[in-house]
Structures are given as C-alpha cells and as structure tokens.
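The values are calculated or read from the model by the stated rules, or taken from the named source; none is laboratory data. Predicted, not measured: the structure shown is a model, and the values here were computed from it. Cβ sites come from the backbone with ideal geometry, for glycine too, and all protein chains shown count toward neighbours.
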Amino acid sequence: MIAPAILYALVAAVANVVGGLLITSASPRGIRVQRMLLGFGAGFMLAAAFASMLPHAIEIDPDAGMVALFGYLLVHVTQHILTPHFHFGEETHHEAMVARWVGTAALLGLLLHTFFDGVAIASAFDVNASLGLVVFLAVLVHKVPEGVTIASIMLVSGNSKRRALQGVVLLGATTVGGVLLTSWIQPLAQHGLALSAGVTTYVAASNLVPEVQKQKDFTSGAGVIAGVLVYLLARLVLGGLDV
Ligand SMILES: [Zn+2]
Ligand SMILES: [Zn+2]
C-alpha cells in the first residue's frame with residue numbers, strides 16, 4: 001500500500017509549507033486559525049494514538065508497549081535534551097534566540113518527528129486503508145502548526161525568510177522520506193506503528209497540550225474535545241471497529 005501513503009504524505013508536506021508561508025508572510029488571521037488548530041490537533045492526535053494506533057500496534061507487534069515508550073522518549077531527547085529551545089506554536093521568546101544555530105537546532109529536533117509522521121502514515125496504510133486515513137488526518141491536523149513553529153523560530157533566531165522556507169520544505173520532505181524508508185528498513189516496517197504511536201502521543205500530550213494550557217482561553221481548551229469528537233465522527237464514517 002505504498003502508493004496512497006506517498007500521496008497522503010505529499011499532501012501533509014504541502015501543509016508544512018503552508019504553515020511556513022503563514023509566518024513568512026505574517027498573516028494575522030492565519031496565525032489565529034493556527035492557534036485554534038493546536039488544541040484541535042492535540043485532541044484528534046491523542047484519540048488516534050490511544051484508540052487506533054496503539055490497539056492495532058499491539059495486534060501486530062508483541063513489543064508494542066516498549067517500542068511506543070521508546071518512540072516517545074526519542075522525541076523527548078531530540079526536542080528537549082539536545083535542543084536548547086523548542087516548543088510548538090509561534091516563537092515569541094526573542095531573548096532565547098541569541099544565535100542562528102538555535103533555530104537550526106530546533107529544525108533538526110523536529111526533523112525526527114516529521115520523519116515519523118511519514119512512518120506513521122505508511123505503517124497505518126500497511127494495516128488497512130481506514131487506519132491509514134485516520135493516521136493521515138492526525139498528521140495533517142498538526143502540519144500547519146508544525147510549519148509555523150519552524151518558520152517562526154528560524155526567523156526569530158536571525159535566519160532569512162529563504163532559510164525558513166527551506167526549513168519547512170525539509171520538514172515536508174522528511175515526511176515523504178519516512179513513507180519511503182518504512183518499506184525498506186525492516187525494523188521500521190515491523191515496529192513502525194508502535195513507534196509512531198509513541199511519537200504521536202508525545203506530539204499531542206507534550207508538544208501541543210502544553211501550548212493549549214498556556215493560552216488559558218475557553219476556545220483552545222474546548223478545541224481538544226472538538227478534536228476527539230471529530231475523531232469519533234471519522235471512525236463512524238470510516239466503518240467503526242476496523243479503525
Ligand atoms: Zn520560544
Ligand atoms: Zn508532525
């Protein structure tokens with residue numbers, strides 16, 4: 001099932017670039033929409049990770065629990081321990097952006113995660129098309145905020161608009177790369193779904209939810225619940241138990 005996975009990964013990659021363009025063209029309305037997407041994306045991703053990805057991973061992978069834990073920690077290390085400053089959403093901490101390499105480090109940290117966005121899509125399509133679609137949606141809902149995140153951190157740390165846009169194109173490209181490598185690298189094919197369940201849990205619960213908590217308004221908080229409800233709706237539309 002590599003062909004549809006590649007197409008969906010390309011759509012997701014375009015959403016990364018859209019997020020980057022929102023920042024480099026400084027559209028205030030776009031930024032508002034992307035803030036709402038943080039909560040919504042968190043809810044949809046949490047639901048997809050717990051209710052779709054993990055159960056399917058456990059069915060096909062005897063080590064699913066440990067592998068998911070490893071996936072979670074992998075993102076923690078690359079986005080927190082090895083990266084001096086990273087969080088989702090628009091970058092506003094000018095004081096933390098003393099050097100251009102801070103932006104580059106954040107980009108490198110996020111590249112592992114965007115690679116796993118592709119691994120997630122490919123390994124979900126390997127199980128069945130409905131799971132593939134749900135996981136694609138879980139990736140798509142956070143791709144615009146992802147582009148916003150990297151473009152703004154690169155700009156605030158003193159990189160040019162051109163570099164910022166190169167950054168978001170690279171994010172999209174690694175997602176497509178994740179799809180391709182999933183069929184070529186045996187451990188990825190075997191543990192891909194469990195790994196990406198851990199990665200998705202990190203992105204939802206440890207990248208997006210903390211941003212929602214910072215915003216302290218009803219809409220962002222309610223967005224999480226809306227994301228879960230839309231996931232449940234998607235399950236219904238896609239035929240219930242198979243998802
Ligand atoms: Zn910051
Ligand atoms: Zn992502």
Can you confirm whether the range 104-113 contains a residue that is at pLDDT below 95 and more than 16 Å from ligand 2 (Cβ to nearest atom)?
yes
Apart from one, (1) away from ligand 1 (no atom under 16 Å from the Cβ); (2) touching a Leu at 6+ places or on another chain (Cβ under 7 Å) all hold for F88; the odd one out is (1)
Inset, instruction - Can you confirm whether the range 113-126 contains a residue that is away from ligand 1 (no atom under 16 Å from the Cβ), among the aromatic types (F, W, Y) and within 13 Å of the chain's Cα centre (by Cα)? - result: yes
Of the residues in the range 155-173, those that are buried (at least 22 other Cβ atoms within 10 Å of the Cβ) and within 21 Å of F116 (Cβ to Cβ) come to G167, V168, L171, G172
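Are any of the residues in the range 213-222 at pLDDT 95 or above, at negative phi, among the hydroxyl-bearing types (S, T, Y) and in a helix (DSSP H, G or I)?
Start the filter on the range 213-222 by keeping residues that are at pLDDT 95 or above, which leaves none.
Scanning the range 213-222 turns up no residue that is at pLDDT 95 or above, at negative phi, among the hydroxyl-bearing types (S, T, Y) and in a helix (DSSP H, G or I).
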- Any chance the range 136-150 includes a residue that's at pLDDT below 95, away from ligand 2 (no atom under 11 Å from the Cβ), farther than 18 Å from A51 by Cα and buried (at least 19 other Cβ atoms within 10 Å of the Cβ)? yes
Checking T175, T201 in turn, the sole residue that is part of a helix (DSSP H, G or I) and either over 13 Å from the mean Cα position of the chain (by Cα) or within 18 Å of L108 (Cα to Cα) (or both) turns out to be T175
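What number of residues within the range 114-135 satisfy the criterion of being more than 12 Å from ligand 2 (Cβ to nearest atom), hydroxyl-bearing (S, T, Y) and either buried (at least 24 other Cβ atoms within 10 Å of the Cβ) or at pLDDT 95 or above (or both)?
The first filter runs over the range 114-135 and keeps only residues more than 12 Å from ligand 2 (Cβ to nearest atom), leaving 122-134.
Then keep just the ones that are hydroxyl-bearing (S, T, Y); that gives 123, 130.
Right, trim to either buried (at least 24 other Cβ atoms within 10 Å of the Cβ) or at pLDDT 95 or above (or both) and you get 123.
The number of residues fulfilling the criteria is 1.
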Condition (residue is outside any loop (DSSP other than H, G, I, E, B), within 30 Å of V237 (Cα to Cα) and touching a residue at least 12 places away in the same chain (Cβ under 8 Å)) applied to the range 78-97: is it met by at least one residue?
no
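Quickly run through the range 85-103 and pick out the residues that are crowded, with 16+ Cβ neighbours inside 10 Å and more than 16 Å from ligand 2 (Cβ to nearest atom). Spell out the reasoning first.
At the first step, the residues of the range 85-103 found to be crowded, with 16+ Cβ neighbours inside 10 Å are 85-91, 97, 102-103.
Residues satisfying the conditions are H85, E90, E91, M97, V102, G103.
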Within the range 98-112, of all residues that are small (G, A, S) and assigned to a helix (DSSP H, G or I), the one nearest to ligand 1 (Cβ to nearest atom) is A106
